[in-house]
Amino acid sequence: MKNILRKILPRRLISAARILLIMHREHGHVNRRDGFPVNGRGEYQPWLTYPLIEYLKGFDFSQKRIFEFGAGSSTLFWVSRAKHVESVELDRRWFDSLVKIVPDNVVLNHQSDGISYAQKIIEADGQFDVIVVDGAERYRSAEAALKKLIPGGMIILDNAEWYPNTAELLRGAGLIEVRFSGFSPVNAFTSTSSVFLHRDFSFPLVTDVRQPPVGGVSIKG
């Protein structure tokens, strides 16, 4: 039957159908639970580009400490993988919807003042292995993140193409930028999520997870 369809249908239609299957069956592109994006298996996923999500799934974060500027579905993604997650959120309604469902290994903060929001990480105990800059006040947040990043850690900047000054700040601090461009959950447009790696970066890998295929990635640093 497949061979017959291949002969009858134009190649572009077959390609379009395959793309739709990947986006909806695997990525669950428009699927949500509790208002947050989930993949085709019903697992919470961050609002980052799919290439970056697949890249992150290849690392073992079980002993890592995560800090997020901007809480949400990414918080629920990290809690099942990391030792400790701490997040700060500017939007009160978003915070209220999330605080009801996060587990005990999450410290969730609400801060309505932009300057205090960006400085919340400074008040936190210790340093962090991963810092996600994906909310308000991204430049100020990135400045504070550099002070709390552990040697060998990573900073994630979502929508890096919208915040070139913030990306330049992180590169200027000596971090290596790896850009992951493509679609992200729910959105009907492409964007770039950048990872900024400390030059001593060496996270352990999850050996039973296949690394993502090459594509949609560029490195600068």
Can you give the convex hull volume of the alpha carbon atoms of the range 78-221 per residue, in Å³?
137
If each part is reduced to its alpha-carbon centroid, the range 166-209 and the range 89-130 end up apart, in Å, by 21
May I ask you to give the solvent-accessible area per residue for the range 38-111, in square angstrom, as obtained with a 1.4 angstrom probe?
39
I'm checking a number: the convex hull volume of the Cα atoms of the range 45-93, normalised per residue, in Å³. What is it?
72
Taking amide H positions as placed in the peptide plane 1.01 Å from N, state which residues far from VAL206 in sequence (5 or more) or on other chains have amide H under 5 Å from it.
PHE59, ASP60
Where the accessible area of the range 85-149 is counted over protein heavy atoms with a 1.4 Å probe, how much of it, in %, is carbon and sulfur?
44
Based on the mean of other beta carbon atoms within 10 Å per residue, what is the order of 190-197, 175-182, most packed first?
190-197, 175-182
Within 10 Å, count the other beta carbons around each residue, average over each peptide in 152-165, 66-79, and list them highest first.
66-79, 152-165
Potential lengthening between LYS147 and ARG33 on full extension [0.36 nm per residue; Cα-Cα distance subtracted]
37.5 nm
So, in nm, how far is label SER202 from label ASN187 when the simple model puts each one 7 Å beyond its Cα toward the Cβ?
3.4
Over the Cα atoms of the range 51-127 the radius of gyration and the largest Cα-Cα distance (Dmax), both in Å, equal 12.6, 36
Give me the distance in nm between label points sitting 7 Å out from Cα along the Cα-to-Cβ direction at ASP125 and TRP162, one decimal.
3.4
Please figure out what share of the DSSP beta bridges in the range 62-221 is antiparallel and state it in percent, rounded to the nearest 5.
45
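The values are calculated or read from the model by the stated rules, or taken from the named source; none is laboratory data. Here the structure is a predicted model, which is why all the values come from computation and not from measurement. No Cβ is skipped: glycine too gets one built from the backbone with ideal geometry, and neighbour counts run over all protein chains shown. Accessible surface is based on the protein model in full, side chains and every heavy atom, while ligands, DNA and RNA are left aside. Shrake-Rupley method; radii C 1.70, N 1.55, O 1.52, S 1.80 Å.
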